[in-house]
Amino acid sequence: MTEFTFGPVELYLVGFEGERPSPGVMSALLDLIENGLVRLLDFVLVTKSLDGDVTVTEIEEESAEYGLGEIEFLAAGITGDEDIEELAELIPPGASAALVALELAYARTLTERLATSGGVVLRAERIPAPVVNAVLEAAEMN
């Protein structure tokens, strides 16, 4: 049987006011981790000053201080400098964001099973939830 150490990884850039995510933001992430739906690979805070200077903070050593308890980062540093630089452009001056790398636990199982049966995922594409909901809502109105 084909076994993968990791499944597909998604990077989320989650904006928020101030320099730290709110407890609600952290709780939403923690719930998914505790339920086994995702595994946390990396978590980086990115703050952009009003002048456009970017400050990057790796929180691996201080995860409890940020509300993640004793969660282990499975691949700290996987969000490379290029990822951070590219995504930091989306953060408005004077704001902050968390760059979170999440492994989709269910997708690891799916890709393992497909590989074992001779299948290969050629491409996966995510349709953002707001788009799906808007399309379905529009379809219901017609």
Mean-position separation - Cα centroids, the range 103-142 and the range 1-80, in angstrom: 22 Å
Relative contact order for the range 36-142 using alpha-carbon pairs under 8 Å, separation at least 6, rounded to a whole percent? 35 percent
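If each residue's Cβ is checked for other Cβ atoms within 10 Å, how do 70, 62 rank with the fewest at the top?
Fewest-to-most ranking of 70, 62: 70, 62.
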Over the range 37-94, what lengths in whole Å, largest first, do the semi-axes of the equivalent ellipsoid take, defined as the square roots of 5 times the eigenvalues of the alpha-carbon gyration tensor? 23, 13, 9
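Order of 32-38, 20-26, 98-104 by packing, highest average Cβ count within 10 Å first?
My ranking of the peptides, most packed first, is 98-104, 20-26, 32-38.
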Compactness of the chain as Cα Rg over 2.2 N^0.38 Å, two decimals: 1.21
Among trypsin sites (Lys or Arg not before Pro) in the range 24-123, those in a DSSP loop whose Cβ has at most 15 other Cβ atoms within 10 Å are 123
Pair-distance profile P(r), taking every C-alpha pair of the range 91-137, with 5 angstrom steps and integer %: 4, 14, 13, 15, 16, 17, 12, 5, 3, 1, 0
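Computed from the coordinates by the stated procedures, all read-outs in this text should not be read as laboratory data. Just so you know, these numbers come straight off a predicted model, no measurement behind them. Every residue, glycine as well, gets a Cβ built from its backbone with ideal geometry; the counts of neighbours run over all protein chains shown.
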